[in-house]
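Student: Pasting in a structure now, in C-alpha coordinates, and then I'll have a few things to ask.
The values are calculated or read from the model by the stated rules, or taken from the named source; none is laboratory data. Computed from a prediction, not measured in an experiment: that's the story for all the values here. Cβ placement follows ideal geometry from the backbone for every residue including glycine, while neighbour counts extend to all protein chains displayed. With ligands, DNA and RNA removed, areas are computed over all heavy atoms of the protein, side chains included. Shrake-Rupley method; radii C 1.70, N 1.55, O 1.52, S 1.80 Å.
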Amino acid sequence: MKALITGISGQDGYFLSQLLLSKGYEVHGIVRRNSSMTQGTMDLLPEHIKSNIIVHYGDITDGNFLSNLLMKEKPEEMYHLAAQSFVGYSFQNALSTYDVNIGGTLNVCNAVKDASQDTRLYFAATSELFGQPRVTPQNETTLFMPRSPYAVSKLSGLWTIRTYREAYRLYMTNGILFNHESEVRGPEFVTRKITRGVAQIKNGSPDPIILGNLSAVKDWGYARDYVEGMWMMLQQDNPDDFVLGTGESHTVREFAEMAFDVIGEKIRWVGSGVNEIGLSQEGNTLVKVSREFFRPLESDNYRADYSKAKKVLKWKPETTFADLVKIMVESDLKSLN
Ligand code: NAP
Ligand code: F7E
(Lines give C-alpha, C1' and ligand atoms only; values in the text may rest on other atoms or scores of the structure.)
(Ligands and ions follow the chains in the order given, each with its own letter.)
Protein backbone atom coordinates (compact mmCIF):
# COMPACT_ATOMS: atom_id res chain seq x y z
CA MET A 1 0.00 0.00 0.00
CA LYS A 2 1.18 3.47 -0.86
CA ALA A 3 0.22 6.60 1.10
CA LEU A 4 0.94 10.25 0.37
CA ILE A 5 0.94 12.79 3.21
CA THR A 6 0.75 16.55 2.70
CA GLY A 7 2.04 18.39 5.78
CA ILE A 8 4.33 15.51 6.71
CA SER A 9 6.75 17.99 8.34
CA GLY A 10 4.11 19.07 10.90
CA GLN A 11 3.01 17.55 14.19
CA ASP A 12 0.47 15.06 12.82
CA GLY A 13 2.73 14.11 9.92
CA TYR A 14 5.34 13.03 12.48
CA PHE A 15 2.99 10.50 14.09
CA LEU A 16 1.09 9.47 10.97
CA SER A 17 4.21 8.67 8.95
CA GLN A 18 5.45 6.42 11.78
CA LEU A 19 2.06 4.70 12.09
CA LEU A 20 1.85 3.99 8.36
CA LEU A 21 5.45 2.75 8.16
CA SER A 22 4.75 0.41 11.09
CA LYS A 23 1.83 -1.01 9.07
CA GLY A 24 4.09 -1.69 6.10
CA TYR A 25 3.01 1.24 3.89
CA GLU A 26 5.27 2.90 1.35
CA VAL A 27 5.13 6.44 2.71
CA HIS A 28 5.50 9.51 0.51
CA GLY A 29 5.44 13.05 1.85
CA ILE A 30 5.23 16.53 0.39
CA VAL A 31 7.68 18.98 1.93
CA ARG A 32 7.94 22.71 1.19
CA ARG A 33 11.39 23.87 0.27
CA ASN A 34 12.82 26.49 2.62
CA SER A 35 16.11 28.37 2.47
CA SER A 36 17.72 26.31 5.24
CA MET A 37 16.48 23.00 3.77
CA THR A 38 15.13 21.90 7.15
CA GLN A 39 12.25 19.42 7.25
CA GLY A 40 10.33 20.35 10.40
CA THR A 41 9.33 17.41 12.57
CA MET A 42 10.78 14.97 10.03
CA ASP A 43 14.17 16.09 11.33
CA LEU A 44 13.15 14.73 14.76
CA LEU A 45 12.59 11.20 13.42
CA PRO A 46 15.33 8.63 13.97
CA GLU A 47 17.40 8.30 10.78
CA HIS A 48 16.32 4.69 10.15
CA ILE A 49 12.68 5.85 10.04
CA LYS A 50 13.24 9.10 8.18
CA SER A 51 15.24 7.39 5.46
CA ASN A 52 12.16 5.27 4.64
CA ILE A 53 10.07 8.29 3.70
CA ILE A 54 10.05 9.31 0.05
CA VAL A 55 10.07 13.10 -0.07
CA HIS A 56 8.59 15.20 -2.88
CA TYR A 57 9.43 18.90 -2.69
CA GLY A 58 6.44 21.05 -3.54
CA ASP A 59 3.72 23.41 -2.40
CA ILE A 60 0.01 22.62 -2.26
CA THR A 61 -0.80 26.02 -3.80
CA ASP A 62 0.73 24.64 -7.02
CA GLY A 63 -2.03 22.61 -8.68
CA ASN A 64 0.21 21.40 -11.54
CA PHE A 65 2.71 19.97 -9.10
CA LEU A 66 -0.04 18.04 -7.29
CA SER A 67 -1.69 16.71 -10.45
CA ASN A 68 1.64 15.52 -11.87
CA LEU A 69 2.55 13.86 -8.58
CA LEU A 70 -0.81 12.08 -8.27
CA MET A 71 -0.65 11.02 -11.92
CA LYS A 72 2.78 9.48 -11.33
CA GLU A 73 2.36 7.93 -7.88
CA LYS A 74 -1.38 7.09 -7.74
CA PRO A 75 -1.30 6.39 -3.97
CA GLU A 76 -4.05 4.21 -2.51
CA GLU A 77 -4.41 6.67 0.38
CA MET A 78 -3.74 10.39 0.71
CA TYR A 79 -3.75 12.33 3.98
CA HIS A 80 -4.16 16.06 3.36
CA LEU A 81 -2.75 17.62 6.52
CA ALA A 82 -0.92 20.63 5.05
CA ALA A 83 -2.36 23.94 6.19
CA GLN A 84 -1.64 27.31 7.72
CA SER A 85 -2.85 25.88 11.02
CA PHE A 86 -2.30 28.70 13.53
CA VAL A 87 -5.60 30.42 14.35
CA GLY A 88 -4.02 33.56 15.84
CA TYR A 89 -1.87 34.14 12.75
CA SER A 90 -4.90 33.76 10.46
CA PHE A 91 -6.40 37.02 11.81
CA GLN A 92 -3.36 38.99 10.57
CA ASN A 93 -2.78 36.89 7.46
CA ALA A 94 -6.23 35.91 6.24
CA LEU A 95 -5.45 35.96 2.52
CA SER A 96 -2.42 33.69 2.69
CA THR A 97 -4.38 31.40 5.04
CA TYR A 98 -7.16 31.22 2.43
CA ASP A 99 -4.62 30.66 -0.39
CA VAL A 100 -3.15 27.63 1.36
CA ASN A 101 -6.19 26.21 3.14
CA ILE A 102 -8.88 26.90 0.52
CA GLY A 103 -6.84 27.01 -2.72
CA GLY A 104 -4.49 24.24 -1.62
CA THR A 105 -7.35 21.94 -0.62
CA LEU A 106 -9.14 22.60 -3.91
CA ASN A 107 -5.90 21.70 -5.73
CA VAL A 108 -5.68 18.45 -3.76
CA CYS A 109 -9.30 17.55 -4.59
CA ASN A 110 -8.83 18.38 -8.28
CA ALA A 111 -5.63 16.36 -8.46
CA VAL A 112 -7.44 13.32 -7.03
CA LYS A 113 -10.43 13.82 -9.35
CA ASP A 114 -8.37 14.35 -12.49
CA ALA A 115 -5.33 12.15 -11.93
CA SER A 116 -6.04 9.42 -9.38
CA GLN A 117 -9.73 8.70 -8.78
CA ASP A 118 -9.12 5.53 -6.76
CA THR A 119 -7.10 7.41 -4.12
CA ARG A 120 -8.88 7.57 -0.76
CA LEU A 121 -8.52 11.09 0.66
CA TYR A 122 -8.51 12.23 4.30
CA PHE A 123 -9.02 15.96 4.92
CA ALA A 124 -7.98 17.59 8.20
CA ALA A 125 -11.06 19.56 9.24
CA THR A 126 -11.31 20.95 12.77
CA SER A 127 -13.43 21.61 15.85
CA GLU A 128 -12.80 25.32 15.15
CA LEU A 129 -15.70 25.01 12.66
CA PHE A 130 -18.05 25.11 15.67
CA GLY A 131 -16.91 28.64 16.64
CA GLN A 132 -18.46 29.39 20.03
CA PRO A 133 -20.93 26.50 20.25
CA ARG A 134 -24.07 26.87 22.32
CA VAL A 135 -24.59 23.11 22.37
CA THR A 136 -22.33 20.86 24.44
CA PRO A 137 -20.92 18.36 23.58
CA GLN A 138 -20.34 18.87 19.83
CA ASN A 139 -20.68 16.18 17.17
CA GLU A 140 -21.04 15.79 13.40
CA THR A 141 -24.51 17.39 13.45
CA THR A 142 -23.60 20.49 15.48
CA LEU A 143 -24.01 23.81 13.65
CA PHE A 144 -20.82 25.20 12.08
CA MET A 145 -20.31 28.88 12.96
CA PRO A 146 -16.62 29.64 12.31
CA ARG A 147 -15.09 32.62 14.11
CA SER A 148 -11.63 33.04 12.54
CA PRO A 149 -10.20 33.21 9.02
CA TYR A 150 -8.62 29.83 9.77
CA ALA A 151 -11.99 28.28 10.62
CA VAL A 152 -13.67 29.88 7.60
CA SER A 153 -10.96 28.40 5.36
CA LYS A 154 -11.46 24.94 6.89
CA LEU A 155 -15.23 25.20 6.39
CA SER A 156 -14.55 25.72 2.69
CA GLY A 157 -12.29 22.64 2.73
CA LEU A 158 -14.93 20.52 4.47
CA TRP A 159 -17.61 21.47 1.94
CA THR A 160 -15.26 21.00 -1.01
CA ILE A 161 -14.67 17.44 0.21
CA ARG A 162 -18.42 16.82 0.65
CA THR A 163 -19.18 18.29 -2.79
CA TYR A 164 -16.51 16.27 -4.60
CA ARG A 165 -17.48 13.11 -2.72
CA GLU A 166 -21.06 13.36 -3.94
CA ALA A 167 -20.55 14.93 -7.36
CA TYR A 168 -17.77 12.64 -8.56
CA ARG A 169 -18.32 9.61 -6.27
CA LEU A 170 -14.83 9.87 -4.80
CA TYR A 171 -13.69 8.39 -1.47
CA MET A 172 -13.12 11.59 0.50
CA THR A 173 -13.51 11.97 4.28
CA ASN A 174 -13.50 14.85 6.75
CA GLY A 175 -11.89 14.31 10.13
CA ILE A 176 -13.37 16.95 12.46
CA LEU A 177 -10.61 16.79 15.05
CA PHE A 178 -10.54 18.60 18.35
CA ASN A 179 -7.22 19.97 19.66
CA HIS A 180 -4.50 17.36 19.81
CA GLU A 181 -1.07 18.05 21.15
CA SER A 182 2.24 16.31 21.70
CA GLU A 183 5.93 16.65 22.44
CA VAL A 184 6.43 17.83 18.82
CA ARG A 185 3.64 20.44 18.87
CA GLY A 186 4.67 23.78 17.34
CA PRO A 187 6.08 26.11 20.03
CA GLU A 188 3.53 28.90 19.42
CA PHE A 189 0.52 26.74 20.39
CA VAL A 190 -0.51 27.31 23.99
CA THR A 191 0.15 23.79 25.32
CA ARG A 192 3.73 23.61 24.09
CA LYS A 193 4.34 27.22 25.07
CA ILE A 194 3.36 26.26 28.62
CA THR A 195 5.30 22.98 28.80
CA ARG A 196 8.45 24.60 27.40
CA GLY A 197 8.09 27.49 29.84
CA VAL A 198 7.64 25.09 32.75
CA ALA A 199 10.79 23.18 31.74
CA GLN A 200 12.76 26.45 31.52
CA ILE A 201 11.54 27.57 34.95
CA LYS A 202 12.49 24.19 36.40
CA ASN A 203 15.96 24.77 34.90
CA GLY A 204 16.32 28.08 36.73
CA SER A 205 14.79 30.63 34.33
CA PRO A 206 13.37 33.63 36.25
CA ASP A 207 11.00 34.52 33.37
CA PRO A 208 7.28 33.88 33.82
CA ILE A 209 5.21 32.35 31.02
CA ILE A 210 3.17 35.10 29.37
CA LEU A 211 -0.23 33.94 28.10
CA GLY A 212 -3.52 35.30 26.77
CA ASN A 213 -6.99 34.02 27.63
CA LEU A 214 -6.53 31.66 30.59
CA SER A 215 -10.24 30.85 30.68
CA ALA A 216 -10.46 29.43 27.14
CA VAL A 217 -12.05 25.97 27.28
CA LYS A 218 -10.70 23.31 24.92
CA ASP A 219 -10.85 19.54 24.48
CA TRP A 220 -7.19 18.43 24.36
CA GLY A 221 -6.02 14.95 23.36
CA TYR A 222 -2.75 13.28 22.32
CA ALA A 223 -1.86 13.47 18.60
CA ARG A 224 -0.54 9.88 18.54
CA ASP A 225 -4.07 8.62 19.32
CA TYR A 226 -5.69 10.82 16.66
CA VAL A 227 -3.61 9.66 13.70
CA GLU A 228 -4.94 6.13 14.37
CA GLY A 229 -8.43 7.57 13.85
CA MET A 230 -7.37 9.21 10.57
CA TRP A 231 -6.16 5.87 9.29
CA MET A 232 -9.35 4.10 10.45
CA MET A 233 -11.48 6.62 8.52
CA LEU A 234 -9.88 5.46 5.27
CA GLN A 235 -10.46 1.76 6.02
CA GLN A 236 -14.29 1.97 5.96
CA ASP A 237 -16.45 0.67 3.10
CA ASN A 238 -17.87 4.15 2.50
CA PRO A 239 -16.43 7.62 3.05
CA ASP A 240 -17.97 9.71 5.83
CA ASP A 241 -17.19 12.51 8.31
CA PHE A 242 -16.12 11.85 11.90
CA VAL A 243 -15.47 13.84 15.08
CA LEU A 244 -12.43 12.81 17.15
CA GLY A 245 -11.89 14.22 20.63
CA THR A 246 -11.73 13.19 24.27
CA GLY A 247 -15.11 14.28 25.66
CA GLU A 248 -13.31 16.27 28.39
CA SER A 249 -13.01 20.04 28.68
CA HIS A 250 -10.21 21.97 30.36
CA THR A 251 -9.21 25.61 30.58
CA VAL A 252 -5.78 26.98 29.66
CA ARG A 253 -5.46 27.76 33.38
CA GLU A 254 -5.99 24.07 34.24
CA PHE A 255 -3.41 23.03 31.63
CA ALA A 256 -0.87 25.36 33.25
CA GLU A 257 -1.71 24.07 36.76
CA MET A 258 -1.26 20.47 35.61
CA ALA A 259 2.04 21.28 33.86
CA PHE A 260 3.50 22.97 36.96
CA ASP A 261 2.26 20.02 38.99
CA VAL A 262 4.58 17.74 36.99
CA ILE A 263 7.59 19.67 38.39
CA GLY A 264 6.11 19.78 41.89
CA GLU A 265 4.95 23.43 41.80
CA LYS A 266 1.48 24.11 43.16
CA ILE A 267 0.37 27.27 41.37
CA ARG A 268 -1.75 29.89 43.19
CA TRP A 269 -3.81 32.36 41.12
CA VAL A 270 -4.39 35.93 42.21
CA GLY A 271 -6.06 38.87 40.45
CA SER A 272 -8.34 38.72 37.43
CA GLY A 273 -8.43 39.49 33.70
CA VAL A 274 -5.14 40.84 32.37
CA ASN A 275 -4.03 41.37 35.96
CA GLU A 276 -4.27 37.69 36.87
CA ILE A 277 -0.97 36.07 37.82
CA GLY A 278 0.07 32.58 38.83
CA LEU A 279 2.37 32.41 41.85
CA SER A 280 4.58 29.67 43.23
CA GLN A 281 4.24 28.71 46.90
CA GLU A 282 7.29 30.95 47.58
CA GLY A 283 5.55 33.87 45.84
CA ASN A 284 7.52 33.89 42.57
CA THR A 285 5.56 34.84 39.45
CA LEU A 286 5.20 31.79 37.21
CA VAL A 287 2.47 33.01 34.83
CA LYS A 288 1.42 36.46 33.65
CA VAL A 289 -1.25 37.61 31.20
CA SER A 290 -0.78 39.95 28.26
CA ARG A 291 -3.34 41.40 25.85
CA GLU A 292 -0.87 40.53 23.07
CA PHE A 293 -1.98 36.89 23.13
CA PHE A 294 -5.74 37.50 23.08
CA ARG A 295 -7.51 37.03 19.74
CA PRO A 296 -10.02 39.42 18.18
CA LEU A 297 -12.57 36.59 18.61
CA GLU A 298 -12.26 33.55 20.84
CA SER A 299 -13.52 30.10 19.85
CA ASP A 300 -13.97 27.83 22.83
CA ASN A 301 -16.49 26.00 25.00
CA TYR A 302 -15.37 22.78 23.34
CA ARG A 303 -16.18 19.22 24.33
CA ALA A 304 -16.29 16.43 21.77
CA ASP A 305 -19.01 13.86 21.38
CA TYR A 306 -16.99 11.21 19.54
CA SER A 307 -19.66 8.49 19.85
CA LYS A 308 -19.94 8.03 16.06
CA ALA A 309 -16.19 7.33 15.74
CA LYS A 310 -16.40 5.02 18.75
CA LYS A 311 -19.29 3.06 17.23
CA VAL A 312 -18.26 2.94 13.58
CA LEU A 313 -14.45 3.12 13.69
CA LYS A 314 -14.05 1.50 17.15
CA TRP A 315 -11.81 4.49 17.93
CA LYS A 316 -11.30 6.02 21.36
CA PRO A 317 -8.60 8.21 22.86
CA GLU A 318 -6.08 6.20 24.90
CA THR A 319 -4.14 9.00 26.63
CA THR A 320 -5.58 10.92 29.58
CA PHE A 321 -5.25 14.69 29.96
CA ALA A 322 -2.84 14.22 32.89
CA ASP A 323 -0.68 11.81 30.86
CA LEU A 324 -0.62 14.16 27.86
CA VAL A 325 0.64 17.05 30.00
CA LYS A 326 3.22 14.79 31.65
CA ILE A 327 4.51 13.49 28.30
CA MET A 328 4.96 17.06 27.05
CA VAL A 329 6.62 18.48 30.18
CA GLU A 330 8.96 15.50 30.55
CA SER A 331 9.97 15.71 26.89
CA ASP A 332 10.75 19.43 27.22
CA LEU A 333 12.73 18.81 30.42
CA LYS A 334 14.68 16.09 28.64
CA SER A 335 15.54 18.26 25.65
CA LEU A 336 16.68 21.13 27.94
CA ASN A 337 18.90 18.77 29.88
P1 NAP B 1 1.20 21.80 11.72
O2 NAP B 1 2.11 21.18 12.71
O3 NAP B 1 1.06 23.27 11.67
O4 NAP B 1 1.66 21.27 10.27
C5 NAP B 1 1.21 21.88 9.09
C6 NAP B 1 1.97 21.29 7.92
O7 NAP B 1 1.49 21.88 6.71
C8 NAP B 1 3.48 21.54 7.96
O9 NAP B 1 4.12 20.37 7.50
C10 NAP B 1 3.66 22.66 6.96
O11 NAP B 1 4.92 22.71 6.34
C12 NAP B 1 2.62 22.24 5.92
N13 NAP B 1 2.27 23.32 5.00
C14 NAP B 1 1.76 24.53 5.31
N15 NAP B 1 1.58 25.24 4.18
C16 NAP B 1 1.95 24.45 3.15
C17 NAP B 1 1.99 24.63 1.75
N18 NAP B 1 1.59 25.77 1.18
N19 NAP B 1 2.44 23.60 0.98
C20 NAP B 1 2.86 22.45 1.54
N21 NAP B 1 2.85 22.23 2.87
C22 NAP B 1 2.41 23.22 3.66
O23 NAP B 1 -0.27 21.19 11.88
P24 NAP B 1 -0.75 19.86 12.65
O25 NAP B 1 -0.99 20.20 14.06
O26 NAP B 1 0.13 18.75 12.28
O27 NAP B 1 -2.17 19.66 11.98
C28 NAP B 1 -2.34 18.92 10.78
C29 NAP B 1 -3.62 19.38 10.10
O30 NAP B 1 -4.73 19.15 10.97
C31 NAP B 1 -3.68 20.85 9.74
O32 NAP B 1 -4.39 20.94 8.51
C33 NAP B 1 -4.47 21.48 10.85
O34 NAP B 1 -5.11 22.65 10.39
C35 NAP B 1 -5.44 20.37 11.17
N36 NAP B 1 -5.93 20.29 12.55
C37 NAP B 1 -5.04 20.27 13.58
C38 NAP B 1 -5.50 20.12 14.87
C39 NAP B 1 -4.57 20.07 16.06
O40 NAP B 1 -5.02 20.24 17.18
N41 NAP B 1 -3.28 19.78 15.83
C42 NAP B 1 -6.89 19.98 15.11
C43 NAP B 1 -7.75 19.98 14.02
C44 NAP B 1 -7.25 20.13 12.75
P45 NAP B 1 6.14 23.56 7.00
O46 NAP B 1 6.82 22.59 7.95
O47 NAP B 1 6.95 23.90 5.80
O48 NAP B 1 5.55 24.73 7.68
O1 F7E C 1 -4.85 28.06 21.32
C2 F7E C 1 -5.70 30.30 24.15
C3 F7E C 1 -6.19 30.68 22.79
O4 F7E C 1 -3.14 28.39 19.57
C5 F7E C 1 -5.62 27.36 22.26
C6 F7E C 1 -4.73 24.37 16.00
O7 F7E C 1 -4.11 23.12 15.93
O8 F7E C 1 -6.42 23.56 17.49
C9 F7E C 1 -5.39 24.54 17.36
O10 F7E C 1 -5.93 25.84 17.41
C11 F7E C 1 -6.35 28.31 23.18
C12 F7E C 1 -7.04 29.47 22.46
O13 F7E C 1 -4.70 26.40 19.49
C14 F7E C 1 -2.42 31.74 24.64
O15 F7E C 1 -6.91 31.90 22.84
C16 F7E C 1 -4.27 31.59 25.75
O17 F7E C 1 -8.33 29.59 23.00
O18 F7E C 1 -2.93 26.46 21.15
P19 F7E C 1 -3.79 27.36 20.38
P20 F7E C 1 -6.11 26.63 18.79
O21 F7E C 1 -6.34 28.04 18.44
O22 F7E C 1 -7.13 25.97 19.61
C23 F7E C 1 -7.46 23.62 16.52
C24 F7E C 1 -8.44 22.52 16.78
C25 F7E C 1 -6.94 23.66 15.13
O26 F7E C 1 -7.62 23.20 14.20
C27 F7E C 1 -5.74 24.50 14.87
O28 F7E C 1 -5.11 24.13 13.65
O29 F7E C 1 -5.41 28.91 24.03
N30 F7E C 1 -4.45 30.96 24.57
N31 F7E C 1 -3.02 32.09 25.80
C32 F7E C 1 -3.32 31.02 23.86
N33 F7E C 1 -3.01 30.52 22.66
C34 F7E C 1 -1.74 30.72 22.21
N35 F7E C 1 -1.37 30.20 21.02
N36 F7E C 1 -0.82 31.44 22.94
C37 F7E C 1 -1.10 31.96 24.16
O38 F7E C 1 -0.26 32.60 24.78
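Student: Scan region 33-116 for chymotrypsin sites (Phe, Trp or Tyr not before Pro) in coil per DSSP, keeping those whose Cβ has at most 16 other Cβ atoms within 10 Å, and list them by number.
Tutor: Answer by residue number: Phe86.
Student: Same structure, new question: Can you spot the lysines whose alpha carbon is less than 16 Å from Lys218's alpha carbon? Ignore those fewer than 8 places along the same chain.
Tutor: Lys193
Student: Over the Cα atoms of region 187-272, each weighted equally, I'd like the Debye log10 I(q)/I(0) at q = 0.14, 0.20, 0.23 Å⁻¹, rounded to two decimals.
Tutor: Relative scattering, expressed as log10 I(q)/I(0), comes to -0.62, -0.99, -1.19.
Student: Something else now. Can you pull the semi-axes for region 1-151, root of five times each eigenvalue of the Cα gyration tensor, sorted largest first, whole Å?
Tutor: One finds semi-axes of 27, 18, 17 Å for region 1-151.
Student: Oh, and also: State which entries of Lys23/Lys334; Lys154/Lys308; Lys266/Lys314 exceed 32 angstrom in Cα-Cα distance in the structure shown.
Tutor: Lys266/Lys314
Student: Continuing with the same structure: Using only the alpha-carbon atoms of region 128-270, report the extent along each of the three principal axes, biggest first, to the nearest angstrom.
Tutor: Here the spans come out as 59, 30, 24 Å, largest first.
Student: Out of the total accessible area of the chain (probe 1.4 Å, heavy atoms of protein only), what percent is carbon and sulfur?
Tutor: Details: 7310 of 15020 Å².
Taking all protein chains in place, the chain shows 49 percent carbon and sulfur surface.
Student: Considering the options Val289, Pro208, Pro133, tell which one lies farthest towards the positive end of the dipole of the chain, charges being +1 on Lys and Arg and -1 on Asp and Glu at the Cβ, about the Cα centre.
Tutor: About the Cα centre, the residue reaching furthest to the positive side is Pro133.
Student: Now for a different question. So what's the net charge close to Val217: Lys and Arg +1, Asp and Glu -1, counting the other residues with Cβ under 12 Å from its Cβ?
Tutor: -2
Student: Specify the angular offset, from 0 to 90 degrees and rounded to the nearest 10, of the alpha carbon long axis of helix 223-233 from the longest principal axis of the alpha carbons in the chain.
Tutor: 30 degrees
Student: A further question follows. Using the C-alpha gyration tensor of the chain, what are the square roots of 5 times its eigenvalues, in whole angstrom, with the largest one first?
Tutor: Numbers: eigenvalues 236, 96, 68 Å².
Square roots of five times the eigenvalues give 34, 22, 18 Å.
Student: If you place +1 on the Cβ of every Lys and Arg and -1 on the Cβ of every Asp and Glu, how big does the dipole about the Cα centre of the chain come out, in debye to the nearest 20?
Tutor: Dipole magnitude for the chain comes out near 260 debye.
Student: Please work out, to two decimal places, the log10 of the ratio I(q)/I(0) at q = 0.25 Å⁻¹ from a Debye calculation in which every Cα of region 158-204 carries one identical scatterer.
Tutor: Log10 I(q)/I(0), no solvent term: -0.85.
Student: Rounded to the nearest 10 degrees, what's the angle between the helix 63-73 long axis and the longest principal axis of the chain, both from Cα atoms, 0 to 90?
Tutor: Taking Cα atoms only, the helix is inclined about 70 degrees.
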